[in-house]
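The structure under discussion appears below in the form of structure tokens.
The values are calculated or read from the model by the stated rules, or taken from the named source; none is laboratory data. Keep in mind that this is a model prediction, so the values were computed, not measured. So basically every Cβ, Gly included, is an ideal-geometry build from the backbone, and we count neighbours across all protein chains shown.
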Amino acid sequence: MYCLIGAEAAIFTIFVVAYLFYIGKSLAGPKPKDVLHAPIFFTVCLLSSSLTVHVAVRRLIAGNMAAFARYWSLTILLGGLFLFGTAREWVHLIFRDGLTIDTNLFGTTYYSLVGLHAFHVTMGLLALSAVVLFYFAGLLRREHSERLEVLSLYWHFVDAVWVVVFLVVYVIGA
Amino acid sequence: MSTNAMVVSELPVSRPFTLRLHDWVTTVDHKRLGILYILFGLVFLLAGGVEATIMRLQLVRPHNDLVSPEVFNRMFTMHGTTMIFFVAMPLVFGFANYLAPLMIGARDMAFPRLNAFSLWMTALGGLFLYFSFLGGSGLYGAGSTPDVGWFAYAPLTAKTFSVGHSTDYWILSLLSSGIGSIGTAINIIATILCMRCPGMTLGKMPLLVWLNLVMAGLVILAVSPLSAAQIMLLIDRYLGGHFFDTQAGGSAVIWMHFFWIFGHPEVYVLVLPAFAFASEIIPVFSRKAIFGYPVMVMATVAIGFIGMSVWAHHMFTVGMSAGANTFFVLSTMAIAVPTGIKIFNWLATMWGGKIRFDTPMLFCVGFLFQFLVAGLTGVTLAVAPLDWQLGNSYYVVAHFHYVIVGGILFTIFGAFYYWFPKAVGKMCNEALGKLHFWLFFIGFHLTFDFMHIPGLLGMPRRIYTYEPGRGWDIWNLIVTVGVVFQALGILVFAFNLIWSYFRGKASGNDPWDAWTLEWSASSPPPVYNYAVIPRVRSRRPLWDLKHPEDPDWGYE
């Protein structure tokens, strides 16, 4: 999983470099500072989900299945909220501000970078939800905690990437 | 032995073809997957070779009209893409897959199913690329196969300049084989770090394993940016993005950076396994332990690090700033140092040894000499002012073929002759092997030695024909004549593999009197490799077994 994270980090690096390189190079509007608003609330959701997934695995190791399920579901809820936030932002950008992926360079790089991250969140949510299904089917046991730790590692990575994306898109880029 | 061995030997000898095929297609065994990788690479080697031959026949004399300029463009694109992604990479991964678990005393790779997935993703990539012959046009009048060059510079790949689907097949092909490569790299690293047998510390791993570990790390750092760049190109072509669209403020140069951030480490991805084969074969055939093992490991890791910071020496002619040029000149020259250390260590290994010139050793000696020359022309190209003169000329083509054919392919041939007995249980025919070596050696030098000269005389690469009377004619003729010898060599090689598979004489488990663990398994090794997981105490465990009175661990 560390290797996969290394490979994913390299992919994100390339997209981040492209974003930074193209800041202010768009030939036409809209510009980032006119349309972007930092999604503070949804960022807090995503980052705190890192905490809940960690607590959930600790509970599983301790053998407390009910607490595990609570924290694990909370993680999914927080991740889902974050995705909802991204979706709402995109709807606003597309229908109110008229920014799509082919409008200008800002649109291209913005949707690619944020979209790539949202794709990873989606993948993570699917994996997290699969665990919930296993839990309700009664197949999840304490000895699986090692695998869930690997999955939570991936989730931490997705959160950490968001810190970088947030910094690049909403702080430096705007 | 164990009950496992009994069960295996009781299987009926001749099972129906469909059942055996089913076994191979659904296999997750690292040895079978390794062999599939290698067969896959060999098939594409023939395809890529045919494309190269077509190009050389076209260039044999001035104003030749064997193929049209459009077809010529397709041929050099397909040749480059095929040889790098579907010949060199699968061969390298095949050997790593086959040998790494055996050499570290493991029963399989860490993730057998990921291993199979990676193989079939790579195969899918090859299928995409060659399907473009049929499905590439998409539009009436558009070209069939990709014709944008193997590094596919923007804006040639934009929808405007590359109509139809040929470029899309190129993108998909590299994307899916890239996923396969990353999967295999993850697998190799996990296997080597987690599954070594008791006693095999990192400092006692065979050099082949060390080099493949660094190779896999480079794959992860290099192939991922390529995949990212392919995704961007797809966004440009299908969603109307502007990453590489200069009309909308995008940059064509950033594609070059993204491609070569992959492209140059890729050279080390391919050459490190070549070093790995040389580091195993040369000691065994010199009857001496490798000289300077820790330094070899350090040089490998140094190459891995420096190799990540030399990419823009492919871009001196683009017009970068003086600062950038200076940095990449210096880093490129710096990488010659660890490489030089390796060459001296191989020479020191041979020095004073009782050298046996069997076919594997012949290829490795050829490699040593040719790789040195390739490195020296590389240093000349690293000098930015000289590169401004020679960039994009046949001098560059000659240089990198010297690396890839003279260096990498020669050791891969050596590796075939060296490990064929292990995989099949029969020896390769030695006379045919020597014939293959000499034919290929002569052909290689005719082609690629003389290819430097038209480059120095100013012949650019990728031209489909040229004017007579520029002093290029005779050199092009010699270059093409060399291809005949190389093609004959390859045919002898293919015949040798097939003939030896059916008729070769039995090899026994350890035909070369070698020292690494894979030679202690039977030939071919059983599915489970080792009934009892071995324990090692030195870098040459089989030496310790054969010479209990003077074991290696007394000295290390």
Scanning the stretch A:97-114 residue by residue, those assigned to a helix (DSSP H, G or I) and within 9 Å of chain B (Cβ to nearest Cβ) turn out to be A:105, A:107, A:108, A:109, A:111, A:112
Which of the residues spanning the stretch A:24-52 are of a type in the set (Val, Ile, Thr), crowded, with 17+ Cβ neighbours inside 10 Å and within 30 Å of residue B:243 (Cα to Cα)?
A:35, A:43
Which numbered condition residue B:27 misses (of (1) outside any loop (DSSP other than H, G, I, E, B); (2) at pLDDT below 95):
(1)
Restricting attention to the stretch B:492-528, the residues that are touching a helix residue (DSSP H, G or I) at 6+ places or on another chain (Cβ under 9 Å) and assigned to a helix (DSSP H, G or I) number exactly 13
Consider residue B:191 carefully, then state whether it is touching a Pro at 6+ places or on another chain (Cβ under 7 Å), touching a residue at least 40 places away in the same chain (Cβ under 8 Å) and either at negative phi or more than 14 Å from every other protein chain (Cβ to nearest Cβ) (or both).
yes
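Could you say which residue among B:110, B:154 is within 14 Å of chain A (Cβ to nearest Cβ), touching a Leu at 6+ places or on another chain (Cβ under 9 Å), more than 30 Å from residue B:510 (Cα to Cα) and modelled with pLDDT under 95? Outline the logic, then answer.
Working: B:110 fails: more than 30 Å from residue B:510 (Cα to Cα).
Result: B:154 is the single residue among B:110, B:154 that is within 14 Å of chain A (Cβ to nearest Cβ), touching a Leu at 6+ places or on another chain (Cβ under 9 Å), more than 30 Å from residue B:510 (Cα to Cα) and modelled with pLDDT under 95.
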Any chance the stretch B:451-458 includes a residue that's assigned to a helix (DSSP H, G or I), among the β-branched types (Val, Ile, Thr) and closer than 29 Å to residue B:509 by Cβ?
no
Starting from the stretch A:20-44, take each residue that is among the charged types (D, E, K, R) and list its partners that are at pLDDT 90 or above, counting only C-beta distances under 6 angstrom and pairs at least six apart or across chains.
A:25/A:105
By residue number, the members of the stretch B:194-212 that are of a type outside the set (A, V, I, L, M, F, W, C), buried (at least 22 other Cβ atoms within 10 Å of the Cβ) and either in a helix (DSSP H, G or I) or within 14 Å of chain A (Cβ to nearest Cβ) (or both) are B:212
Taking the condition of being farther than 18 Å from residue B:288 by Cα and in contact (Cβ under 8 Å) with a residue 12 or more places away in the chain, how many residues in the stretch B:364-379 meet it?
11
Search result, residues across the stretch B:213-226 that are in contact (Cβ under 8 Å) with a residue 40 or more places away in the chain, surrounded by 24 or more Cβ atoms within 10 Å (Cβ to Cβ) and at the interface with chain A (Cβ under 7 Å from one of its Cβ atoms):
B:224
Leading residue by the ranking (nearest to the other protein chains (Cβ to nearest Cβ)) among those in the stretch B:247-302 that are polar (S, T, N, Q) and buried (at least 20 other Cβ atoms within 10 Å of the Cβ):
B:300
Which one is surrounded by the most Cβ atoms within 10 Å (Cβ to Cβ), of the residues in the stretch B:431-474 that are over 15 Å from residue B:489 (Cα atoms) and β-branched (Val, Ile, Thr)?
B:453
What pairs come out if I take residues in the stretch A:1-19 that are among the hydrophobic types (A, V, I, L, M, F, W, C) and pair them with residues that are not in a helix (DSSP H, G or I) whose C-beta lies under 8 Å away, six or more apart or interchain?
A:18/B:243
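This table checks each residue for (1) in contact with a Gly (Cβ under 6 Å, 6 or more places away or on another chain); (2) modelled with pLDDT of 95 or more; (3) aromatic (Phe, Trp, Tyr).
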| position | (1), (2), (3) |
| --- | --- |
| B:9 | no, no, no |
| B:12 | no, no, no |
| B:16 | no, no, no |
| B:21 | no, no, no |
| B:38 | yes, yes, no |
| B:53 | no, yes, no |
| B:64 | no, no, no |
| B:68 | no, no, no |
| B:83 | yes, yes, no |
Test residue B:149 against the stated conditions and say whether it is of a type in the set (Gly, Ala, Ser), more than 11 Å from chain A (Cβ to nearest Cβ) and over 26 Å from residue A:18 (Cα atoms).
no
From the list B:436, B:445, pick out the single residue that is more than 21 Å from residue B:398 (Cα to Cα) and in a helix (DSSP H, G or I).
B:436
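For (1) closer than 30 Å to residue B:521 by Cβ; (2) not small (Gly, Ala, Ser), each residue gets a yes or a no:
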residue: B:368; (1), (2): yes, yes
residue: B:375; (1), (2): no, no
residue: B:400; (1), (2): no, yes
residue: B:426; (1), (2): yes, yes
If you go through the stretch B:227-238 one residue at a time, do you hit one that is more than 11 Å from every other protein chain (Cβ to nearest Cβ), of a type in the set (Lys, Arg) and under 26 Å from the mean Cα position of the chain (by Cα)?
no
Would you check which residues across the stretch B:371-405 are touching a Gly at 6+ places or on another chain (Cβ under 6 Å) and surrounded by fewer than 23 Cβ atoms within 10 Å (Cβ to Cβ) and list them?
B:393
Sort through A:91, A:55 and tell me the only one that's buried (at least 16 other Cβ atoms within 10 Å of the Cβ) and away from chain B (no Cβ under 14 Å).
A:55
Can you pull out every residue in the stretch A:1-52 that is more than 14 Å from every other protein chain (Cβ to nearest Cβ), among the charged types (D, E, K, R) and part of a loop (DSSP other than H, G, I, E, B)?
none
If a residue counts only when it is of a type in the set (A, V, I, L, M) and under 26 Å from residue B:213 (Cβ atoms), which helices (runs of 4 or more DSSP H) contained entirely in the stretch B:271-371 have at least 3 such residues?
B:293-307, B:336-350
Close pairs (6 angstrom Cβ cut-off, 6 or more residues apart or separate chains): over 30 Å from residue B:497 (Cα atoms) in the stretch B:344-360, aromatic (Phe, Trp, Tyr) anywhere:
B:345/B:291; B:348/B:291
Being touching a residue at least 12 places away in the same chain (Cβ under 8 Å), over 23 Å from the mean Cα position of the chain (by Cα) and more than 18 Å from residue B:259 (Cα to Cα) is the filter here; which residues of the stretch B:291-325 pass it?
B:291, B:292, B:293, B:294, B:295
With (1) free of Cβ contacts under 8 Å to residues at least 24 places away in the same chain; (2) surrounded by fewer than 21 Cβ atoms within 10 Å (Cβ to Cβ); (3) under 30 Å from residue B:166 (Cα atoms) as the list, and residue B:234 as the residue in question, which single condition is left unmet?
(1)
Test: residue in the stretch B:82-93 that is buried (at least 18 other Cβ atoms within 10 Å of the Cβ) and either of a type in the set (D, E, K, R) or over 30 Å from residue B:191 (Cα atoms) (or both)
no
